[in-house]
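The values are calculated or read from the model by the stated rules, or taken from the named source; none is laboratory data. Just so you know, these numbers come straight off a predicted model, no measurement behind them. Backbone-built Cβ (ideal geometry, glycine too); neighbour counts: all protein chains shown. Areas reflect the complete protein model, heavy atoms only, side chains present, ligands, DNA and RNA absent. Shrake-Rupley method; radii C 1.70, N 1.55, O 1.52, S 1.80 Å.
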Amino acid sequence: MGYPLELKCVLCGKTFKLEEVKYTCPFCGQDGTLDVLYDYDEVAQSFSRERLKKDSSPSLWRYAPLLPVINSEHIPSLSVGWTPLYMSKKVAETYGVSAVFIKDDGRNPTGSLKDRASAVGVAKALDFGYTTIACASTGNAASSLSGFAAVSGLPSFIFVPEKAPEAKITQLLVYGATVVLVEGDYSDAFDLAAAAIDRYGWYNRSCAINPYLVEGKKTCALEIAEQLGWQVPDRIFISVGDGCCIGGLYKGFWDLLNIGFIDRIPKIVGVQAEHAAPIYEAFKAGSERVLFGPVQTVADSISVGAPKNWAKALRAVRKSNGDMVVVSDEEILSAIPELARSTGVFGEPAGAAAFAGFRKMAMAGMLESSESVAVVVTGNGLKDISNARKAAGAPLSAPPDIDAFEEILNAHL
Ligand SMILES: *Cc1c(COP(=O)(O)O)cnc(C)c1O
Ligand SMILES: [Zn+2]
């Protein structure tokens, strides 16, 4: 299995032995999220691009040497990762870039990129001998955790804001999690979950503080690199809420650079919603801190006013020479049908937001015609049909009569 070696604080740079610290840096507190570092020599010995080429397993566990799971018996049986990466000539032509690739992470078993983190989280809970796992979530981390906990036989406790979309709450209940709808927003859910986890000794699956979870998310970057024959795109767009997904992308490319599988890290562009953009604001201000405040957006998965993993998010953008961009709710909603009609990929609002960010930068002339671009669609469109309906247009209505239908059809065309 994997060769994790130590944990390193993203803020102060101190390193810790794996058994020394469970979640965040003891010196920097909650803001000091940790990176998992590996024995990269060991990894390089047991792992190669040639070996991967021969590996036909269509899941993220093909990267096991670069993952923190110790015991292979703890890997949940639900398949995760190895989602399609589509090349879209049409989108590339429309927006004047050399190539566009769409990573369809809504194809994961519970419908979002979060499954990558939950798979690793559940395995780590078992590695450490926990018997219960819990998290707070805007929705997808929760539905994902409940699915992976279910197949592994771990009871799960989930705290979500009371306004989470119906589809996500339904997933939780179907998978058999104990679901707590918390009065308030994601921050309130997060705080109550943290208190309960502390009181009852559960394992905390929150990507925002648990260093192993981001390791799951990084596999999205590993796959994109491998699917492109280790020629990474010039730029990559992903939406940002807490900052774990974008932090994971950067960590994935960084690890690959470390073992010599790639020769550069793509420019990573974080996309936030116009009225839920604390990380964007901090980036544009050149600030070392992120200011928290109330937020409002149709994209529930990135409706985060107090991002927990802001340090990893800012690092991803700055170190990769990337950028941040904001998109309005209208731009997010209009991106849903455009993405679906041009590529076949139906994303939830936060998934389509990344495409909206790409489109906005392209239309503003901020992309080179020679560059290749990847867009990560982080969640499936069926997660939130009520917002998709707002942008999808109306159906025709007809009586069961062919002549009447023809009249309606002619009026429509
Ligand atoms: C969680 C999530 C995001 C944002 O990820 P963060 O790690 O919170 O920044 C984006 N899109 C979807 C679909 C998500 O579920
Ligand atoms: Zn620290």
Which ones in the range 13-42 are closer than 24 Å to Phe253 by Cβ, within 16 Å of ligand 1 (Cβ to nearest atom) and open to solvent by 50 Å² or more (accessible area, probe 1.4 Å)? none
Being touching a strand residue (DSSP E or B) at 6+ places or on another chain (Cβ under 9 Å) and open to solvent by less than 40 Å² (accessible area, probe 1.4 Å) is the requirement here; does Leu5 meet it? no
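This table checks each residue for (1) open to solvent by 10 Å² or more (accessible area, probe 1.4 Å); (2) under 30 Å from Leu256 (Cβ atoms); (3) among the basic types (Lys, Arg).
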residue	(1), (2), (3)
Gly147	no, yes, no
Val160	no, no, no
Thr170	yes, no, no
Leu181	yes, no, no
Asp191	yes, no, no
Asp198	yes, no, no
Asn210	no, yes, no
Where Ala164 falls short, out of the listed (1) outside any helix (DSSP H, G or I); (2) under 23 Å from Thr24 (Cα atoms); (3) of a type in the set (A, V, I, L, M, F, W, C): (2)
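Table: residues versus (1) within 16 Å of ligand 1 (Cβ to nearest atom); (2) closer than 19 Å to Ser118 by Cα; (3) among the aromatic types (Phe, Trp, Tyr); (4) touching a residue at least 60 places away in the same chain (Cβ under 8 Å).
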{"position": "Tyr200", "(1), (2), (3), (4)": "no, no, yes, yes"}
{"position": "Val214", "(1), (2), (3), (4)": "yes, yes, no, yes"}
{"position": "Cys220", "(1), (2), (3), (4)": "yes, yes, no, yes"}
{"position": "Cys245", "(1), (2), (3), (4)": "yes, yes, no, yes"}
{"position": "Ile262", "(1), (2), (3), (4)": "no, no, no, no"}
Cβ pairs under 7 Å, 6+ apart, first in the range 6-25 and part of a loop (DSSP other than H, G, I, E, B), second hydrophobic (A, V, I, L, M, F, W, C) and more than 9 Å from ligand 2 (Cβ to nearest atom): Val10/Ala311; Leu11/Ala311; Leu18/Leu7; Val21/Leu7; Tyr23/Ile209; Thr24/Ile209
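For the subset of the range 98-117 comprising residues that are over 21 Å from Leu145 (Cα atoms) and open to solvent by 10 Å² or more (accessible area, probe 1.4 Å), which member is nearest to ligand 1 (Cβ to nearest atom)?
Kept after step one, since they are over 21 Å from Leu145 (Cα atoms), are these residues of the range 98-117: 98-103.
Next, from what is left, pick out any that are open to solvent by 10 Å² or more (accessible area, probe 1.4 Å): 98-99, 101.
Values: Ser98: 26, Ala99: 23, Phe101: 18 Å.
Among those residues, the one meeting the criterion is Phe101.
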